[in-house]
Structures are given as C-alpha cells and as structure tokens.
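All remarks here apply to the structure that follows.
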Amino acid sequence: MNILVTGGASGLGKAITSLLAADSTNHIYFTFSHSLVEAKHLENDFQNASSIKCDFSSPEDVATLTSKMPQMNLDVLINNAYANGVTAKHFHKINTRDILEDFKNNIIPTVEITQEALRVFRKKGNGTIVTILTAYLTNIPPTGLGSYVANKAYLEKLTKVWANENSKFNITSNSVSPSFMRTGLTADTDDRVIEQMVSMHPLKELLSTEEVADTVKFLVTASKNINGIDLLMNAGENMK
C-alpha cells in the first residue's frame with residue numbers, strides 16, 4: 001500500500017511511520033516540519049519511506065504537498081500532524097487571533113490534504129482515512145486546552161462526513177482518540193502532573209505511542225465494514 005502520514009517523523013507519527021514501514025510491501029510517505037534529523041534517520045532505517053518537508057503554517061508547503069499527492073497513488077491517508085504545539089490557557093485569556101491561527105495552521109491544511117486524498121481515492125474506487133483525535137473529547141475536557149480540543153472536535157465531525165459521503169466509493173474514514181502520551185506535543189507537562197496521572201491511571205502507566213500505532217495499523221487493514229467509528233484509548237477512564 002501507498003500510505004501518507006502527516007507529521008510522521010516524531011512522536012506518535014514516528015511510531016506510526018516505523019510500524020507501517022516495517023512491512024516492505026508498503027511505501028510510506030511522511031511529512032515533517034522541524035524534525036529533519038529524525039526524518040533522515042527514518043529514511044535510512046526504511047528504504048520504503050520517503051520524507052516530505054511540509055510546515056502546516058506555510059500554505060506554500062501544503063500546496064506543494066497536495067500537488068504531489070496524485071503521483072503517490074495513495075491507498076491510505078493518516079491525519080496525524082498538529083502544528084506549533086498546544087495553546088495552554090484558560091479560554092477567556094486566549095487571544096482570538098491565536099484561536100484563528102490554530103485553526104488556520106491545523107484544520108485548513110488537514111482539510112486540503114484530505115480533499116486531495118479523496119479525489120485520488122474516488123478515482124481508484126478505494127481508500128482509507130485514519131485521523132488522530134484525542135480522548136479529551138470524551139466527557140469533561142481538561143482546563144486550559146480549549147483551542148486544541150475545539151480543533152479536534154471539528155475534525156471529529158469531519159471524519160463522520162468523510163465516511164458518509166464516500167462509503168459508496170469503497171472509502172473508509174475512522175479515527176483514534178488516545179489519552180495522554182509522552183511526546184513532543186506534551187513535553188512541557190510538569191513531572192509532578194505526570195506522576196499524578198500515572199498514579200490515577202487504571203493501568204498505572206501512560207499510553208505509549210507504540211500502542212496507538214498498533215491501533216492505527218488495525219484500522220488501515222480493517223474490513224470496509226468498519227467505517228465512521230472512533231476508537232477511544234483511555235483504559236476505560238471515561239466512556240462515550
């Protein structure tokens with residue numbers, strides 16, 4: 001399969017790229033923004049992996065990526081990238097310009113990339129979309145992550161739209177909602193907060209990127225009857 005992983009050089013994206021590239025019958029295209037060294041390491045480790053520089057905050061980079069996608073002959077799109085970190089402020093303290101920037105830098109690129117992937121999939125009569133969401137969408141959202149959670153909620157509804165509008169073309173759209181993981185996106189989290197999360201966790205250990213990558217792989221290869229679903233990975237701490 002030909003697979004595109006956005007944000008595929010670090011954190012969860014790196015785990016997904018590595019797992020899928022371990023199957024030599026796959027060719028993995030993965031984007032990176034600032035993780036050039038990690039991207040080169042992945043290309044050295046896997047001859048069937050190709051990196052593409054794409055900063056989501058650059059419309060030119062996104063346009064270059066989408067222009068290349070028809071030549072990739074894609075079978076799978078994995079929407080994983082989230083640009084420029086998470087705005088951690090109480091909602092009433094967030095400047096509306098920052099909310100707009102978060103949306104422009106994350107939702108718009110994901111929409112444009114997915115639109116192009118759907119054009120490719122519809123011509124082929126086959127395709128798979130997997131989108132990374134967050135367990136924070138379940139029950140009470142955490143304090144101070146309003147913009148991030150709102151963006152993920154927007155994508156959550158789009159995953160259903162993509163599933164509904166494209167199922168007759170043999171295209172599936174599913175998502176994964178992982179709980180807190182140790183990645184670059186969460187690197188600023190205080191160690192005392194992490195210790196508290198571990199102590200309160202049902203399994204007494206945080207979710208790993210490898211576990212989420214396994215779940216993504218399952219959805220990549222799953223039956224076409226699995227469509228429009230979200231897999232929540234939080235050890236039953238909250239339930240939909």
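What to note about this one:
- Amide H contacts of Thr172 (H built 1.01 Å from N, in plane; Pro and chain starts excluded): Gly127, Thr128, Ile129 sit under 5 Å, all sequence-distant by 5 or more or on other chains.
- Amide H contacts of Ser177 (H built 1.01 Å from N, under 5 Å, at least 5 apart or other chain): Leu133, Leu231, Leu232, Met233
- Under the shape rule built on the C-alpha gyration tensor, where the axes satisfy a ≥ b ≥ c, the chain is rounded, since a/c falls short of 1.5.
- Compactness of the range 1-55, taken as the C-alpha radius of gyration over 2.2 N^0.38 Å, stands at 0.94.
- C-alpha long axis of helix 11-21 to longest principal axis of the chain, angle in °: 30
- Karplus 3J(HN,Hα) series, Hz, for the range 46-51 with 6.51 cos²θ - 1.76 cosθ + 1.60 (x for Gly, Pro): 10, 5, 9, 10, 10, 8
- Ranked by how many other beta carbons lie within 10 Å on average, peptides 4-14, 224-234 from highest: 4-14, 224-234
- In terms of its C-alpha gyration tensor, the range 6-94 has a prolate overall shape, because the principal axis ratio a/c (a ≥ b ≥ c, square roots of the eigenvalues) is not below 1.5 and a/b outweighs b/c.
- On Cα atoms only, tilt of 59-72 relative to the major axis of the chain in degrees: 40
- Gap separating the Cα centres of the range 144-174 and the range 34-112, nearest whole Å: 17
- 3J(HN,Hα) along the range 138-144: 8, 6, 8, x, x, 5, x Hz, from the Karplus curve 6.51 cos²θ - 1.76 cosθ + 1.60 with θ = phi - 60°, whole Hz, x for Gly and Pro.
- Of Lys93/Lys152; Lys124/Lys224; Lys40/Lys157; Lys160/Lys224; Lys53/Lys157, those spanning more than 26 Å from alpha-carbon to alpha-carbon: Lys40/Lys157; Lys53/Lys157
- In nm, spacing of pseudo-spin labels at Met233 and His34 (7 Å Cα→C-beta vector): 2.4
- Only helices enter this figure: runs of n ≥ 4 DSSP H residues, each worth -39500 (n - 2.57), summed and divided by the residues of the chain, yield -15000 deg cm²/dmol at 222 nm to the nearest 500.
Just so you know, all these numbers are worked out from the coordinates, no wet-lab data involved. If you're wondering where the values come from, they're calculated on a predicted model, not measured in any experiment. So basically every Cβ, Gly included, is an ideal-geometry build from the backbone, and we count neighbours across all protein chains shown.
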